[in-house]
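K.L.:
Here it is: the structure, laid out below.
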Amino acid sequence: MAIKLTVNQQAQEVDAPPDTPLLYVLMNDLALQGPRFGCGLAQCGACSVLVDGVETRSCVTPLSRVEGKSITTLDGLPAWYAQQQKLASVPELHPIQRAVIDEQALQCGYCYNGQMIKAAELLSKNPKPTDAEIRTAMNGHICRCGTYPRLMKAIKRAGLAMAGGTR
Amino acid sequence: MSDNFVPELPRRQFLKAGGALVVGFAMAPSAFAQNPGQLTGATEGRSQPNPGDLDSWIAIHSDNTATIIHGHHELGQGISTTLLQIAADELDLDMSQVSGMPLETGKSPNQGLTAASAGIARGGVRVRLAAADAKHALLGLAATRLGAPIEQLTVSRGVVSVVGNPSKSVTYGELLGDKKFNVPFTGRSPIKDYRKHTIVGTAVPRRDVPAKAAGKYVYLQHLRVPGMLHGRLVRPRGQGSFLHGAKVVTVDASSIANIPGARVVRRGDFLGVVAPKEWDAVKAAQQLKVAWDMPAILPESQEALHDRMRAAKTVDRFVLDRGDCTAAFARAVHVASGRYDAPYQLHGPFAPNCAIADVKSDSALIYSSRQTIYGTRQVVSGVTGLPLDKVVVRFYETSPSYGRGMQEDCAMAAAVMSQEAGAPVRLQLMRWDEHGWDHYQQAHTADVKIACDDKGKIVAYEYHGWQHNFTAGDTTEILIGTRKPAEGDGIRAQGPTLFNTGDQYTIPNWRIVNHRVPGMDGYFKAAPLRSPMDIALSFAGEQTMDEVAYKANIDPYQFRKQNINGERWLGVLEAVAKASNWKSRRAASNRQTGRVRTGRGIALGTHLSSYGAAVADIEVDTETGVVVAKRMFGAIDPGQVINPGIVERQIEGQMCVAASRMLKEEVTFSKTNVTSLDWATYQPLRFGEAPEATGVVVNRPNIPSSGAGEEALAAGAAAIANAFFDATGVRMHIFPLTPARVLAALRGAQKSQTA
């Protein structure tokens, strides 16, 4: 039986058992590149998506729990930002994505799906987070390349860009 | 020391071997030469581009761009950018005119493993020499076309023109445009003087970053092929003793009968499941009823592990025995000594490995993230029985394991599953597979003794290290029975080397002894992990160095400086001291009395090349035992820096990884199997605990590049350990510095003070 959900502002019907974790649907049925497998245990943040604007671990979220909800993946982050900020057009990148490039923050980049989803959630509520607020918000997202210091800079840079306008 | 002391080399050769290494560090003239080393696969010669043809390395296109065809694997370290910088600079093209190409057996040159910091140190040299050959050939063509001698030609952005007559010009594209050079790769064309580099030495933005940030980069985990099944391994949760593996007693295939399309694949003791839907494969792997036979022969605890290693019948070998340590210790004024223990640590790539295999009766196509496409071809040929030239391997990036993790095992396993299932199989490892069946960085235990005279000059350094070797053979091939478990037999990086056991200092009497533990029975399989062995070695050696400075009542920075071995070690030591604004004082001379105490430590270290130094500022909570690295400074001198932006970020990353490994990471086990199977039971450093980090790049553009991907780790880790002593006056003798160990050490010190 098909389950209805909204992914990146598009209505989708997915024919999968309701206990299927959302991650597998996003990766396999909808072929999205953002959410990815990291632990399957909600410990690392590789699979993070926004569900109605709240960062959620898709690897442990059954499809049945997101029926009718609005899901945003990294693939749809710029459009989500445009909607949040009521921008006339969708920018190519969310400010956090731009800042990650400007800071050359990532190395392998695999964890940056979750890092950027979580940072986008944080910045949507608090565009000028302190170091301590960033550390607390981001603590659930592991990076094995050790890029935390640069990511800290990128998050602040993105916050400044958001406060200063619409980049 | 055990009684079977066998010098594996005659004494004369020791000195020769040791001497040669020291000479290398003292910058013998040969070190200045551009030496790409031997090509790993150059002698293999089957189904791979001939490395002796220039066309195997560089193609020039009609639109005046070039493709650089190298064999190095992007692992997030930026090599897909830095190699292009080298080529572009040498060819006088700009960065917009060069690109690389995907790695595939038969198409990419065989440059062996992208590992051990060799990507730039050797791979970069080969690319530079190929580019120089290409430029030489293009100038020859241009000279004919323009009717001017080569000496009168100049090149800018791929446009060759005659000096003083810029209207006479021709582009590389017009000269060769998609045709072959048809000349041999000589490696003898003159290379650019380093003072004329315009792209090398600059912080060019990385090629892969925009797509990664945009979520458009294709990792191996994103690939799907038509008709494929999803595969999962079925293994005991957590490996046991290497020699004994895991034996299947019974498998109940009916236990997954309710899952649509799920089936068991088995070959010998190798077990897995496949299913059309990924979640079904995950469920089937969890649900399949299997009885395993695994002996309960592992040590009872970390302490028991180190004791077992020390009690083993070891094979002992002098790595170095210079001067007369016994006599020097006897007359020394200050002597520091101690035992230091290090745990097994895992690679734990952020992304569990993945591979796709399509094995047919007469051919195989493999997608793998292993750091060597040709090595993967070899092992897949081994498990499938297909000839080498019938196996094609394509590389796609995943998150790095920083060493020999499970990529190889994953590729072999996918191939076996595809062959058994008769369909393409995408095998995704689960987190517990990756944590539980990795090759770990082996545990280590050391006895170190260092002495100085009354002026604080080092007079003797003695290091005894115990560990087993890296292991040979991987789980899949062992389980299917095509290979017997065995120990590797190399020497370098498999035990103490000079590099982190004294090379930093001028040492007149110096002895390093490797006590090789037989590691097959009751130990785990092992393989190099980023800066192999070095964190264990520097935890022991650099803490003892600090201890002798403390006994001599000398600031640890000053003590190192006055004993330093050469200008390059001095360079990184001074660079890191300056960056951190080091204030000279004796360690532990500024101790606080509150609950949270701060400390600062310094250390030197490297892997097998380059020079590293670090300073750590830490906080110790004396009530909870929690240690946090608050701020770290790292410096690396890797010779010529290709991209200072990348090196700076590599150092920052290494500071975080050093903190992670010194403070948190530890493989745990029961008598039967590994028990640290996820990120809760094997704790990595998290964002909230990450130090502020400063990377200091010491560029020596006139000296060949020697790698910057791991060379500050050993220093960073030991700097934290030394900072702990500075904060508390207590030495930690085992890492990681977990709260329980810290509290026990602080209590133990209190007790011994009051006793």
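K.L.:
Would you please give the residues with an amide H less than 5 Å from that of B:SER189, counting only those at least 5 places away or on a separate chain, with H modeled from the backbone geometry?
P.N.:
B:ASP133
K.L.:
Something else: Taking the Cβ of A:GLY45 as the centre, find all other residues whose Cβ is under 11 Å away and add up their charges (Lys, Arg: +1; Asp, Glu: -1).
P.N.:
Details: positive: A:ARG36, A:ARG57, A:LYS118, B:ARG686; negative: A:GLU55.
Surrounding charge for A:GLY45 is +3.
K.L.:
What order do you get for A:LEU87, A:LEU41, A:LEU26 when you list them from fewest to most C-beta neighbours inside 10 Å? All intermediate terms of the calculation are to be shown ahead of the outcome.
P.N.:
Values: A:LEU87 13, A:LEU41 16, A:LEU26 26.
Result, fewest neighbours first: A:LEU87, A:LEU41, A:LEU26.
K.L.:
Here's a follow-up. Can you give the % of DSSP beta bridges in the protein assembly as shown that are antiparallel, to the nearest 5?
P.N.:
Counting only bridges with both partners in the protein assembly as shown, antiparallel ones make up about 75 percent.
K.L.:
Provide the packing ranking of B:106-112, B:57-63, B:412-418, B:121-127, i.e. peptides ordered by the mean count of other C-beta atoms within 10 Å per residue, highest first.
P.N.:
Values: B:106-112: 22.6, B:57-63: 19.7, B:412-418: 30.7, B:121-127: 24.9.
Ranked from most to least packed, the peptides come out as B:412-418, B:121-127, B:106-112, B:57-63.
K.L.:
Another question, if that's okay. Could you let me know the centre-to-centre spacing of segment B:413-463 and segment B:120-169, using Cα atoms, in angstrom?
P.N.:
46 Å
K.L.:
Enumerate the amide H contacts of B:VAL98 below 5 Å, restricted to partners 5 or more residues apart or on another chain; note that Pro and chain-start residues carry no placed amide H.
P.N.:
Residues meeting the amide H criterion: B:ALA66.
K.L.:
Right, another one. List B:SER241, B:SER167, B:SER161, B:SER337 from most exposed to least, where exposure is judged by having the fewest other Cβ atoms within 10 Å.
P.N.:
By the 10 Å Cβ count, ascending: B:SER167, B:SER337, B:SER161, B:SER241.
K.L.:
Within a 10 angstrom radius of each residue's Cβ in B:674-687, how many Cβ atoms of other chains show up on average? Whole number is fine.
P.N.:
Partner Cβ neighbours, averaged per residue: 4.
K.L.:
Roughly how crowded by other chains is peptide B:649-657, in terms of the mean Cβ count from those chains within 10 Å of each of its Cβ atoms?
P.N.:
5
K.L.:
Determine, for each peptide in B:552-562, B:248-258, the mean count of other beta carbons within 10 angstrom over its residues, then list the peptides with the highest first.
P.N.:
Packing order, densest peptide first, comes out as B:552-562, B:248-258.
K.L.:
To continue, here is another question. Under a point-charge model restricted to the Cβ atoms of Lys and Arg (+1) and Asp and Glu (-1), what is the dipole moment magnitude of chain A relative to its Cα centre, in debye to the nearest 20?
P.N.:
Details: 17 positive and 14 negative charges, 133 e Å.
About 640 debye.
K.L.:
May I ask you to sort B:LEU220, A:LEU22, A:LEU151 by Cβ crowding, counting other Cβ atoms within 10 Å and putting the fewest first?
P.N.:
Lowest count first: B:LEU220, A:LEU151, A:LEU22.
K.L.:
Turning to a different aspect of this structure: Can you classify segment B:661-755 as rounded, prolate or oblate using the Cα gyration tensor, where a ≥ b ≥ c are the square roots of its eigenvalues, rounded means a/c under 1.5, and otherwise it's prolate if a/b beats b/c and oblate if not?
P.N.:
oblate
K.L.:
Find out how many positive minus negative residues lie around B:ALA336, taking Lys and Arg as positive, Asp and Glu as negative, among other residues whose Cβ is under 10 Å from that of B:ALA336.
P.N.:
Net charge in that neighbourhood comes out at +1.
K.L.:
Which Cα, out of B:PRO51, B:GLN77, B:PHE185, lies furthest along the positive dipole direction of chain B (beta carbon charges, K/R +1, D/E -1)?
P.N.:
B:GLN77
K.L.:
Given A:ILE142, B:ALA552, B:THR624, which one lies farthest toward the positive end of the charge dipole of the protein assembly as shown, if we put +1 on the Cβ of every Lys and Arg and -1 on the Cβ of every Asp and Glu?
P.N.:
So the residue furthest toward the plus end is B:ALA552.
K.L.:
OK, next. Determine the calculated [θ] at 222 nm for chain B from helices alone, applying -39500 (n - 2.57) to every DSSP H run no shorter than 4 residues and normalising by the residue count; nearest 500 deg cm²/dmol.
P.N.:
That calculation yields -9000 deg cm²/dmol at 222 nm.
K.L.:
Provide the packing ranking of B:474-481, B:71-78, i.e. peptides ordered by the mean count of other C-beta atoms within 10 Å per residue, highest first.
P.N.:
For the peptides B:474-481, B:71-78, the packing ranking is B:71-78, B:474-481.
K.L.:
Hey, can you grab everything whose amide H is under 5 Å from the amide H of B:ASP316? Only 5+ residues off in sequence or another chain; H modelled, so Pro and N-termini drop out.
P.N.:
Those qualifying (amide H under 5 Å, at least 5 residues apart or on another chain) are B:VAL6, B:ARG516.
K.L.:
Shape of chain B from its Cα gyration tensor (a ≥ b ≥ c, root eigenvalues): rounded if a/c is under 1.5, otherwise prolate when a/b > b/c, or oblate?
P.N.:
On the way: a/c = 1.85, a/b = 1.13, b/c = 1.64.
It comes out oblate by the Cα gyration axes.
K.L.:
What is the mean number of Cβ atoms from other protein chains located within 10 Å of the Cβ atom of each residue in peptide A:38-47, rounded to a whole number?
P.N.:
Details: counts 8, 11, 7, 7, 1, 5, 6, 2, 5, 0.
Per residue, the number of nearby Cβ atoms from other chains is 5 on average.
K.L.:
Right, something else. Which shape class, rounded, prolate or oblate, goes with the protein assembly as shown when its Cα gyration tensor gives a ≥ b ≥ c as root eigenvalues, a/c under 1.5 marks rounded, and past that a/b bigger than b/c marks prolate? Mind showing how you got there, number by number?
P.N.:
On the way: a/c = 1.33, a/b = 1.10, b/c = 1.22.
Cα axes put the protein assembly as shown in the rounded bin.
K.L.:
Work from the charge dipole of the protein assembly as shown (Cβ charges, +1 for Lys and Arg, -1 for Asp and Glu, about the Cα centre) and give the residue of B:VAL162, B:ALA130, B:ALA613 farthest towards its positive end.
P.N.:
Most positive-ward Cα: B:ALA613.
K.L.:
Treating the beta-carbon of each Lys and Arg as +1 and of each Asp and Glu as -1, no other charges, what is the dipole magnitude of the protein assembly as shown about its Cα centre, to the nearest 20 debye?
P.N.:
Using only the charged Cβ atoms, the result is roughly 1000 debye.
K.L.:
Taking the Cα centre of segment B:446-508 as the origin, how large is its charge dipole in debye, to the nearest 20, when only Lys and Arg (+1) and Asp and Glu (-1) carry charge on their Cβ atoms?
P.N.:
Details: 6 positive and 9 negative charges, 10 e Å.
The calculation lands at about 40 debye.
K.L.:
Which of the lysines could be linked to B:LYS313 by a straight reach, that is with a Cα gap under 30 Å, when you skip same-chain ones fewer than 8 residues away?
P.N.:
B:LYS16, B:LYS247, B:LYS449, B:LYS484, B:LYS525, B:LYS671
Read-outs throughout are calculated quantities, based only on the coordinates presented, and are distinct from any laboratory measurement. None of these values were measured; they are calculated from a predicted model. Reconstructed Cβ throughout: ideal geometry from the backbone, glycine too, with neighbour counts over all protein chains shown.
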